[in-house]
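What follows is a set of notes on a single structure, which appears directly below.
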Amino acid sequence: MVVIGIFSCGMLSFTVRQSTTAYFFIYNVGDPSLIASFFQKLAKTIGGAGAALVLGFAGYQANQVQSAQALDAIHGVLTLVPIGIMVILVVLTKIYPLDKSAHDQLVKDLTPSA
């Protein structure tokens, strides 16, 4: 289940990033790879620090037998949190305004004019 959630989140973020990158090129808002790289690194830092913070508060001790509270925190961080994030991403995907007319406008905007 976790693998499915991670795969889906990754695919969704890749899709949204491609749309954003295309608009950066059209409107010359700077180097999209620099901006995307910064936010990817920021998200990884916040995610890693958040997981470590939760485990620290739950009483995780490295290289030791874990308490029930620490095991529950590990379970929550590795399963419940990704499921919650996935639900949020599905809702955001449903309200993302990408219907036929929006797609046609994107294609029109991305097509070089002669």
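Since every read-out is calculated from the coordinates, none of them should be taken as a lab result. Quick caveat: nothing in here was measured; it's all calculated off a predicted structure. Here the Cβ positions follow ideal geometry from the backbone for every residue, glycine too, while neighbour counts run over all protein chains shown.
Data overview
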| quantity | calculated |
| --- | --- |
| Sequence ranges 84-91, 101-108, ranked by mean other-Cβ count within 10 angstrom, highest first | 84-91, 101-108 |
| Pairwise label distance in nanometres, residue 111 with residue 39, each label 7 Å out on the Cα-Cβ vector | 2.8 nm |
| Gained length - residue 62 relative to residue 90, 0.36 nm times residue gap less alpha-carbon distance | 6.6 nm |
| For the stretch 32-114: rounded, prolate or oblate by the Cα gyration tensor [a/c cutoff 1.5] | oblate |
